[in-house]
Structure formats: C-alpha cells, structure tokens
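Have a look at the structure below before the remarks.
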Amino acid sequence: LKPLVGENYAGQVLFSGSAVKTALDKKLFDEGVIFTDLRTAFQKHPEIVEKVLGKIVSPDEGKFASIAGAFAENGVLLYVPKNVVIDEPLHSVLWVNDIQKIEASHILVFIEDGASLTYVHESASAGGDEQTMHTGIVEVYVGKNANLNFVEMQSWARNMWNFTHERALIDQDAKMDWIFGGLGSHLSKSFISIDLIGKGAEGRMSGFVFTDKGQHLDLDTKQTHRKPNTVSDMLFKAALEDTSRSVWRGMIEVEQEAQKTDGYQSNQNLVLSDDARVDSIPGLEILADDVRCTHGSTVADLDDEEIFYLLTRGIPRITAERLMIEGFFDPIMQRIPFEGVRKRFQQAIKDKLKVKYS
C-alpha cells in the first residue's frame, strides 16, 4: 500500500479476502474516470463492463480461463474517458490470505481515445503449507492515440499455482508499454499477448522472472500485427537458481494486411545453478512480404572474467555476483516509467538475492 510516486497516488483498489477498499482522486472522479472493484462495476457501470468483458479474452480459450470467467469474485474495472491524462499511477493489490482454495480474478481496462496513464497491479499471498490456486483474466483495450503503461508484479507465495490469460488490443496510433515481473508461486503459467489492431499502433512488452528452489515459471507471449505500420518490441529476462525452471515461448504473428511491420523479440537467460533448466522457444509466423521481424535467445551463466575483474577491484565475490545479477535485470528496470515503481521491483530482486546469499 506504500505510495508509488511521492506521497500520493491517483487511486487504489485493495482486495483482501472478501474485503475491498477503493480510493480515487476526486478530480479524476469528476472527469469521469472509473476505478473500482468488479462487483461495484456490474451494479453501477454495466454499460462500461459490457464494452470489454469477454470481448478480448474468451472463457473458451482454456479451462483456467473458463474458471476465471465463471467464478471471478475479485476484479477491477478501470475506465478512462477520452483525452483524460492521469499523471500519477493507479494501483491495485490482490492479496490472498486463504489456503486450500481457488482464487479467481478478472481485470478490465478500457482506455478511450487520447487518454494517458500508468496502471500498476500487484498479486501476492501470505503463504502456507497447503496448496492454493489462482486463475485470472486480464482484458485491456487502448483507444486511438491513447497511451497506457501497464505494470504487473506477481509475488505469490510458494504454495500458489497460478494460471492467467491476458491480452491487450491496441488501436490506431496508440501506444502500450506492458511490464511484467514474476518472482513468486510454485508454478505459474501465463499467456500474455498484444494485438495491434490499428494502423500505426505500438506495443512494448518487458518481463522478468527470478526463480529458485523448485519454482517453475512459464510465460507464453504473442505479438500479433493485424494492420500496417505497426511496431512491437518484446524483451524477457530470466535468472534461475537451484533446481528451478523457466519456460518462455514467444511468437510474432504478422497478418497479410500488416505491411511495413517492425517486430522484435529477445529472451535472455542467466543460469546460476547446474541443476536449473531453461527452455527458450522464439518463433515467427509471417504472412506479409514487406516486414522487419527479428528474434533472438541467449542462455549463459555468470562470466568468470567479469567476476575476476570485480574481485581485483577489492569487491567481495558475493557482492560481485549480486552486482552482476542486478545489472542483468537493469535494462528491464530502465523501461519502468516511475521511480517508485522501479524501486518496488528492485527491492523485490534484492529480497530474492538475500535468500540466495544468506
């Protein structure tokens, strides 16, 4: 609940079990911004819910999407009217303190033409010995000439099994910067995709995971170009310790109409243990003939020469390794627009390193 920028935030929605707390700056409320829980949205804003619910992610896409679509009790509706600019972030937190249950959530975001904002969503849980499952849907629409920074942080406890289906539609000349950080859960499987549905649309995806012990984090990303002159850029980084595993499967799809497409994807992996495993599967499916699409994947461990260089400067080995791991993630950190949000991610990585080097 700590503010992400200075001492204020534009709005916040907190879920803790069946309890919900909401807050929104009065100026934004007067301008027509809606930032509330899903139950209230169904009661007071059904016409807005109707614009996006089930239109972007269908419950038929998989059994976990079906569970979330049918049983989601907690969720957020974020609606920003035309040309409204929100300078400070909106923030939602899903906190699960129960065990041996299924938690289902549904996030709905509808950004009208010309609007601009940053939205941060965090998921976390208390933990325990008994297994718990979360299944979620995220549906996002970014209107023409709009600009959305969407930041997700997943900090589930190690007894959590997490499955999500997430998709954003980006319209003509709109821009979306989607940043994902995954540090928790026992197992996570997330389908995250951006659809560039308008000419001149731009979508950037940045993600990282840091796994240890027996964690398994699996991310399936897709960049779909449906119209001409669209741009997508995906960077995903993973660091793995102990017997953990990371899987990334990425796909750039370019439809026949989407000429002058510029698509890029990169997956970089840092393996910190002989028993850790990385699966990196980039892919391209191109039907247009005037495009620029590239992809790449790397897997490596800490460089002995770079460690030796730091040792010769009087830096202890543990500190040297910490510096290199933090530096590995720094390109993702630099893509985060607000210092407060960036520090939240950096602190989460430092907390993970404390466990590694304790």
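The values are calculated or read from the model by the stated rules, or taken from the named source; none is laboratory data. Keep in mind the model is a prediction, meaning the values are calculated, not measured. Please note: Cβ atoms are built from the backbone with ideal geometry, for glycine as well, and neighbour counts cover all protein chains shown. Surface areas here come from the heavy atoms of the whole protein model, side chains and all, with no ligands, DNA or RNA. Shrake-Rupley method; radii C 1.70, N 1.55, O 1.52, S 1.80 Å.
Residues in the chain average 44 Å² of solvent-accessible surface per residue, probe 1.4 Å, ligands and nucleic acids excluded.
Taking only the alpha-carbon positions of region 164-239 and ignoring solvent, what does the Debye formula give for the base-10 log of I(q)/I(0) at q = 0.23, 0.25, 0.27 Å⁻¹? Log-scaled intensity ratios, in q order: -0.95, -1.06, -1.18. Annotation for region 217-304: GluC sites (Glu not before Pro) lying in DSSP loop with at most 13 further Cβ atoms inside 10 Å of their Cβ are E257.
The accessible surface of the chain, taken with every protein chain in place and a 1.4 Å probe, is 49 percent carbon and sulfur.
When the alpha-carbon atoms of region 90-218 are used, the pair Rg, Dmax equals 15.5, 50 angstrom. Secondary structure note: in the chain, about 5% of the DSSP beta bridges are antiparallel.
Could you work out the per residue convex hull volume over the alpha carbons of region 26-70, in cubic angstrom?
Dividing the Cα hull volume of region 26-70 by its residue count gives 87 Å³.
Backbone N atoms of region 221-242 closer than 20 Å to the 7 Å Cα→Cβ label point of Q256 belong to residues 224-230.
All other residues whose Cβ lies under 14 angstrom from that of I56 are scored, Lys and Arg at +1 and Asp and Glu at -1, for a net of -2. DSSP loop GluC sites (Glu not before Pro) in region 83-168 with at most 11 other Cβ atoms within 10 Å of their Cβ, which ones? Passing sites in region 83-168 are E130.
In whole angstrom, region 210-324 maps to an equivalent ellipsoid with semi-axes of 36, 17, 9, each derived as √(5λ) from the alpha carbon gyration tensor and ordered largest first. Semi-axes of the equivalent ellipsoid for region 39-94, computed as √(5λ) from the eigenvalues of its C-alpha gyration tensor and ordered from largest down, come to 24, 14, 12 Å. Along each principal axis, taking the top coordinate minus the bottom one, the Cα set of region 188-276 gives 46, 19, 16 Å in descending order. From Cα pairs below 8 angstrom and at least 6 apart in sequence, can you work out the relative contact order of region 16-79, rounded to a whole percent? RCO, region 16-79: 44 percent. Applying Stokes-Einstein at 37 °C and 0.692 mPa s to the Kirkwood radius of region 26-152, computed over alpha-carbon pairs, gives a translational diffusion coefficient of 214 µm² s⁻¹. Distance distribution P(r), the chain, all Cα-Cα pairs, bin width 20 angstrom from 0: 30, 59, 11, 0 percent. Based on alpha-carbon atoms, the Kirkwood radius and the radius of gyration of region 89-143 give Rg/Rh equal to 1.10.
Students often check this: by mean Cβ neighbours within 10 Å, which of 191-198, 303-310 ranks highest, and how do the rest follow?
On the way: 191-198: 23.2, 303-310: 11.8.
Taking the mean over residues of other Cβ atoms within 10 Å, the ranking is 191-198, 303-310.
Only helical runs count toward this figure. For the chain, summing -39,500 (n - 2.57) over DSSP H runs of n ≥ 4 and dividing by all residues gives -6000 deg cm²/dmol at 222 nm. In percent, what relative contact order does the chain have, based on Cα pairs under 8 Å that are 6 or more apart in sequence? For the chain, the relative contact order is 10 percent. Across the options N147, I34, L284, the greatest Cα extent toward the positive end of the charge dipole of the chain (unit charges at beta carbon of Lys, Arg, Asp, Glu) belongs to I34.
Between L287, L38, L24, the residue with the greatest mean-square fluctuation in the GNM of the chain (Cα pairs under 10 Å linked by springs) is L287.
Histogrammed with a bin width of 10 Å, the alpha carbon distances of region 276-317 distribute as 19, 26, 23, 19, 11, 3 percent, first bin at zero.
Can you pull out the trypsin sites (Lys or Arg not before Pro) in region 300-332 that DSSP calls coil and that have at most 11 other Cβ atoms within 10 Å? Hits after loop and neighbour filter: R313.
Considering region 256-327 at the alpha-carbon level, its Rg and Dmax are found to be 18.7, 58 Å.
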